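Remarks on the structure that follows.
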Amino acid sequence: MLGEGIIKGMVVTATNFFGSYVSAERLVTVQYPEERLPPQENARNFPFLVYDGDDPDRGLRCVACKICEKECPPQCIYIVLERDEKGKPQKRPRIFDLDISVCMSCQICVEVCPFDAVKMDTEYELSDFDRFKSLLLNKQRLAKSNTYYRKIHPAEAEEVDARLADQVAKAEAKRKATAMAAATAVKPAPAAQPALSQ
Amino acid sequence: MINTVTEHAGGAASSAGNLPGVATEPNFAITPKISGDGSREGELLEISMGPHHPSTHGVFRMDVVLEGERIVKLKPVFGYLHRNHEKIAEGISYLGSMPYTDRLDYFCSLTNNWAYALSVEKLAGLQPPERAEYLRVITAELTRLINHTCLIGFLVQDMGALGTPLMYAFREREKILDLFEALTGARMMCNYMRFGGCRVDLPPGWLEQARRVVDNYPRFLDEYESLLTENEILVARTQGVGVLPARLAINAGVTGPMLRASGVDYDIRKVDRYGIYDRFDFRVPLGAHGDVYDRYMVRVLEMRESVKILQQAIRGLPDGPIMDAKAKLRNFRPKAGEAYGRIECPKGELGFYLISDGSPNPYRYRVRPPSFINLTILEDMCLGQKVADVVIILGSVDIVLGEVDR
């Protein structure tokens with residue numbers, strides 16, 4: 001019969017229309033500013049810098065090795081190494097700028113960072129009128145505490161903390177061992193000196 | 001015949017030399033068609049469809065010459081979204097190109113990732129572990145579901161069904177995008193695969209959620225089909241429209257659902273058996289007429305086969321590592337050589353051709369995009385059709401301009 005297909009289709013639209021009042025499967029819209037979807041553990045948006053402790057300047061994990069700057073596909077990271085008055089490198093960034101209007105949220109900086117210093121944020125309400133004031137992030141605005149990181153990515157942060165604690169423990173053990181070796185090696189004859197310097 | 005028309009159109013434009021902008025390219029000029037004995041036969045209208053038109057699926061222009069309502073000549077004009085993808089990739093590391101491949105066909109980022117990862121793995125001799133292969137199949141088939149569902153929505157919207165089927169498609173797509181977000185962190189630009197495996201393992205509870213979505217999908221497809229498949233308007237608008245003969249399709253290098261709708265049994269999942277596709281039991285649906293309706297139907301049936309593959313893959317997912325132990329992220333320098341990796345992405349054959357000279361970035365990087373090559377056949381399908389059918393034929397080709405222009 002001509003028109004049968006159309007009537008069948010209308011039954012479908014009617015089912016969906018009335019179904020949307022009773023079934024959550026059929027009404028999936030979220031009224032955004034009032035309602036929000038629960039955050040996803042793995043969600044990523046833009047990178048930030050993690051710092052340990054309370055002081056964002058001292059506790060910054062970043063050592064300005066510039067690996068992320070080199071690997072970043074759209075080249076949105078700019079790092080300048082901190083140096084003291086004599087020009088000796090200080091293992092922390094003087095400038096760390098990240099232009100999130102260029103960043104494409106690919107997470108490659110996070111993956112290549114050997115110090116777990118860069119992680120992905122989940123904040124998404126970042127729209128603004130002024131690109132350079134609000135979207136070009138400097139070191140102060142990028143630095144966020146480890147507590148915040150633990151809050152947004154709990155499982156991942158736990159893993160990272162365990163790994164870092166392990167590294168610290170190993171470094172500590174190694175330092176103690178070398179100190180012990182030095183303490184015992186310095187005492188005897190000067191013949192042991194060249195071996196120590198290696 | 002067409003040639004004489006254009007020649008004459010040019011002549012008419014130059015004789016009307018005082019009209020601005022028509023001297024070189026006679027766009028928008030109404031030109032009379034004059035037969036050999038000098039009598040007028042009618043008028044041709046040259047119009048420019050797009051680049052900003054809702055039916056062109058992006059910034060894409062068609063220069064169409066009409067005789068009344070019929071198409072006499074059609075020229076696709078693309079390049080508006082060209083962004084130097086291949087040249088950029090030659091300047092950055094192999095890993096750095098991976099997020100850019102997401103942006104080729106932004107509907108199916110995971111299949112793009114897979115094609116690129118596959119060709120780099122061929123180049124470097126990496127072998128992803130079992131679990132990673134399964135994850136790749138699961139994510140790729142979910143991508144196929146998204147692409148085909150939404151394509152049908154867009155196709156019907158091009159016919160004038162404003163919104164309803166597309167909204168149902170997007171509702172289902174949302175459930176799969178939630179899965180992608182939970183797994184990869186991003187909804188569309190997933191950047192999930194790596195050379196020699198996948199980036200992260202499944203979060204807890206993901207597989208159950210995926211199983212629920214996949215098991216409910218056939219029910220949605222039934223509903224979708226009862227809305228569309230037998231609808232008289234859809235049948236009248238699509239059957240016998242935009243016929244692509246098998247011979248022409250093969251000669252033009254058309255791949256994917258378009259080729260199969262013309263009745264050619266060619267699916268790279270079956271031909272190449274890349275990844276682990278030889279382990280799954282699925283069939284390749286074929287069309288008989290090669291018209292728009294067959295292309296629609298082939299996609300619906302393909303989704304049902306995808307659901308079958310997904311159910312098998314979710315059932316058979318093994319435990320184990322997800323990265324090849326030999327793979328490394330930084331200082332990745334494959335030895336000199338060349339490789340071509342191709343997969344059956346939802347739109348057709350997506351291939352990446354790479355030449356390495358041993359340096360950290362590829363010497364040559366070439367994409368073989370399916371929708372670009374499928375689009376070249378547009379004129380042959382449109383000739384003699386009505387102008388309203390052009391929109392549907394273009395919709396059935398399934399293009400994404402990010403991939404066409406690169």
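The values are calculated or read from the model by the stated rules, or taken from the named source; none is laboratory data. No experiment lies behind these values; they were computed from the predicted model shown. Note: ideal-geometry Cβ built from the backbone for every residue, glycine included; neighbour counts use all protein chains shown.
So here's what we get for this one:
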read-out	value
Which numbered condition B:PRO285 misses (of (1) assigned to a loop (DSSP other than H, G, I, E, B); (2) in contact (Cβ under 8 Å) with a residue 40 or more places away in the chain; (3) within 25 Å of B:TYR217 (Cβ to Cβ))	(2)
Spans of strands (runs of 3 or more DSSP E) in the stretch B:327-400 with at least 2 residues closer than 19 Å to B:GLY91 by Cβ and of a type outside the set (S, T, N, Q)	B:348-356, B:364-368
Selection from the stretch B:165-179 of residues that are within 23 Å of B:GLU230 (Cβ to Cβ) and without any contact (Cβ under 8 Å) to a residue 12 or more places away in the chain	B:ARG171
Tally, over the stretch B:355-388, of residues that are in contact with a Pro (Cβ under 8 Å, 6 or more places away or on another chain) and among the hydrophobic types (A, V, I, L, M, F, W, C)	3
For B:TYR296: the one exception among (1) part of a helix (DSSP H, G or I); (2) hydroxyl-bearing (Ser, Thr, Tyr); (3) touching an Asp or Glu at 6+ places or on another chain (Cβ under 6 Å)	(3)
Test result for B:ASP201, surrounded by fewer than 24 Cβ atoms within 10 Å (Cβ to Cβ), part of a loop (DSSP other than H, G, I, E, B), over 20 Å from the mean Cα position of the chain (by Cα) and acidic (Asp, Glu)	yes
Wholly enclosed helices (runs of 4 or more DSSP H) of the stretch A:63-175 bearing at least 3 residues free of Cβ contacts under 8 Å to residues at least 24 places away in the same chain	A:131-134, A:146-152
The lone exception for B:ARG304 - which of (1) crowded, with 19+ Cβ neighbours inside 10 Å; (2) within 30 Å of B:GLN157 (Cβ to Cβ) it fails	(1)
Criterion (surrounded by fewer than 22 Cβ atoms within 10 Å (Cβ to Cβ), in contact (Cβ under 8 Å) with a residue 60 or more places away in the chain, touching a strand residue (DSSP E or B) at 6+ places or on another chain (Cβ under 6 Å) and closer than 30 Å to B:ARG194 by Cα) met by exactly one of B:LEU81, B:LEU66	B:LEU81
Among (1) surrounded by fewer than 20 Cβ atoms within 10 Å (Cβ to Cβ); (2) under 15 Å from A:ASN138 (Cα atoms); (3) not hydroxyl-bearing (Ser, Thr, Tyr) - the single one A:ARG83 does not satisfy	(2)
Options B:ARG187, B:ARG219: the member that is more than 7 Å from every other protein chain (Cβ to nearest Cβ), in contact with a helix residue (DSSP H, G or I) (Cβ under 9 Å, 6 or more places away or on another chain) and either within 30 Å of A:PHE17 (Cβ to Cβ) or not in a helix (DSSP H, G or I) (or both)	B:ARG187
Criterion: buried (at least 24 other Cβ atoms within 10 Å of the Cβ) and either within 14 Å of another protein chain (Cβ to nearest Cβ) or within 16 Å of the chain's Cα centre (by Cα) (or both) - qualifying residue of B:ALA140, B:ALA161	B:ALA140
Scope the stretch A:8-52; condition surrounded by 12 or more Cβ atoms within 10 Å (Cβ to Cβ), among the hydroxyl-bearing types (Ser, Thr, Tyr) and part of a helix (DSSP H, G or I); matching residues	A:THR13, A:THR15, A:SER20
Whichever residue in the stretch A:149-177 is in contact with a Lys or Arg (Cβ under 9 Å, 6 or more places away or on another chain) and surrounded by 12 or more Cβ atoms within 10 Å (Cβ to Cβ) and, among such residues, is farthest from A:PRO114 (Cα to Cα)	A:ILE152
The lone exception for B:GLU130 - which of (1) closer than 30 Å to A:VAL112 by Cβ; (2) touching a strand residue (DSSP E or B) at 6+ places or on another chain (Cβ under 8 Å) it fails	(2)
Verdict on B:ARG315 being touching a Pro at 6+ places or on another chain (Cβ under 7 Å) and in a helix (DSSP H, G or I)	no
Check on B:TYR100, closer than 20 Å to B:GLY58 by Cα, of a type in the set (Ser, Thr, Tyr) and at the interface with chain A (Cβ under 10 Å from one of its Cβ atoms)	yes
Some residue of the stretch B:308-321 being touching a residue at least 12 places away in the same chain (Cβ under 8 Å), of a type outside the set (A, V, I, L, M) and surrounded by 23 or more Cβ atoms within 10 Å (Cβ to Cβ)	no
Index of the failed condition, B:ALA169 passing every other in (1) facing chain A (nearest Cβ under 8 Å); (2) surrounded by fewer than 23 Cβ atoms within 10 Å (Cβ to Cβ); (3) under 22 Å from the mean Cα position of the chain (by Cα); (4) of a type in the set (Gly, Ala, Ser)	(1)
Hits in the stretch B:193-210 (condition: more than 10 Å from chain A (Cβ to nearest Cβ) and farther than 17 Å from B:ASP319 by Cβ)	B:MET193, B:PHE195, B:GLY196, B:GLN209
A:MET120 being farther than 25 Å from A:ARG163 by Cβ and either surrounded by 17 or more Cβ atoms within 10 Å (Cβ to Cβ) or in contact with a His (Cβ under 7 Å, 6 or more places away or on another chain) (or both)	no
Top-ranked residue of the stretch B:111-133 - restricted to ones that are within 14 Å of chain A (Cβ to nearest Cβ) and not hydroxyl-bearing (Ser, Thr, Tyr), ranked as surrounded by the most Cβ atoms within 10 Å (Cβ to Cβ)	B:ASN112
Scan of the stretch B:293-323 for residues that are at pLDDT below 90 and in contact with a Gly (Cβ under 7 Å, 6 or more places away or on another chain), ordered by number	B:ILE322, B:MET323
Residues of the stretch A:71-93 classified as among the charged types (D, E, K, R) and in contact with a helix residue (DSSP H, G or I) (Cβ under 8 Å, 6 or more places away or on another chain), total	1
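Table: residues versus (1) in a helix (DSSP H, G or I); (2) among the aliphatic types (A, V, I, L, M); (3) farther than 23 Å from B:GLU403 by Cα.
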| site | (1), (2), (3) |
| --- | --- |
| B:TYR106 | no, no, no |
| B:TYR134 | yes, no, yes |
| B:ALA140 | yes, yes, no |
| B:THR143 | yes, no, no |
